[in-house]
Amino acid sequence: MMKNSRQVHSSQDGPHPSLERVVARHLSSHSRRPIPAFSREAYDALRGVLDAHGGPLVLDSGCGIGMSTRRLAAMHPLALVVGLDQSDHRVAKVAASGPLPPGALVLRAQAQDIWRLLVEDGIRLEAHYLLYPNPWPKPGHLQRRWHAHEAFSDLLALGGTLELRTNWSTYAEEFAMALRLAGIEADDPTPFEPGDPLTPFEAKYHATGHTLVRLRADLDAAR
Ligand SMILES: C[S@@+](CC[C@H](N)C(=O)[O-])C[C@H]1O[C@@H](n2cnc3c(N)ncnc32)[C@H](O)[C@@H]1O
């Protein structure tokens, strides 16, 4: 039976007061942290498959057990859809749902490392999905949220159409603000009803009655 999940609680009652300052800092600097061996190996594997595939690239960053990666491969039939997750445990479960369809690949890696290596190699995306990223709702964890992370400039440089889904509307509001600070058009995030859930977390949150919010933006269309 599916467990009920708790709503996101945060002492923040709106966008973080330091958001603008943190985003501005990250937009003007680039991470030079060493890339761990497991992310480097995953990148080499991705490049091998991408070069052989020859089509556009779609990322499903933080893909968990890869349910969405399978579904996205059907939605982007001409692309290589790569699910990335840093959890050994979750990636090990991917095979339990059967072989991945052609055009789908799941790799264990830190998403931010793969983003940086793709940007360094000049590779751009057709689409990028961030489906229920960890919300990091404590104000002190602001810089772990993707839009306030040091990797945000790489995420933007990858281009493509971006889709974020979350059960914490503040996360999506902050994300839209960060996009606008970077000069990218972003509509206000909108609540939506998932017909056929794309991910296990989406299914769980929906079944528990959480409001789900979606943000879409075209990262190739700067203002
Ligand atoms: C809340 S879960 C959502 C999983 C899946 N997208 C879903 O909706 O069912 C967040 C996922 O992001 C992964 N994750 C967190 N930080 C990551 C990072 N820096 N790089 C790659 N994966 C990460 C976690 O391991 C976890 O599987």
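Spatial offset of region 167-223 relative to region 16-69 amounts to 19 Å, using the alpha carbon center of each. Using +1 on the beta carbon of Lys and Arg, -1 on that of Asp and Glu, and nothing else charged, what's the dipole of the chain about the Cα centre, debye to 20? The dipole of the chain has a size of about 620 debye.
Other residues whose C-beta falls under 10 angstrom from the C-beta of P101 contribute a net charge of +2, scoring Lys and Arg +1 and Asp and Glu -1. Assuming a viscosity of 0.890 mPa s and a temperature of 25 °C, what translational diffusion coefficient in µm² per second does Stokes-Einstein assign to region 1-92, Rh being the Kirkwood radius over Cα pairs? Once the numbers are plugged in, D ends up at 146 µm²/s. Between D51 and H89, the C-beta separation translates, for a Förster distance of 35 Å, into a calculated FRET efficiency of about 0.75. Each helix, a run of at least 4 DSSP H residues, gives -39500 (n - 2.57); summed and divided by the residues of the chain, these come to -10000 deg cm²/dmol at 222 nm. Note on region 19-218: the alpha carbon radius of gyration divided by the globular reference 2.2 N^0.38 Å gives 0.97.
Rg and Dmax, both from the Cα atoms of region 149-223 and both in Å, are 13.1, 38. The fraction of Cα-Cα pairs per 10 angstrom bin, counted from 0 for region 53-114, comes to 27, 55, 18, 0 percent, rounded to whole percents. Along its principal axes, region 74-170 has C-alpha extents of 41, 32, 22 angstrom, given from the largest down.
Electrostatic tally near A111: other residues with Cβ closer than 12 Å to its Cβ, Lys and Arg +1, Asp and Glu -1, net -2.
Just so you know, all these numbers are worked out from the coordinates, no wet-lab data involved. The structure displayed is predicted, hence computed values, not measured ones. Backbone-built Cβ (ideal geometry, glycine too); neighbour counts: all protein chains shown.
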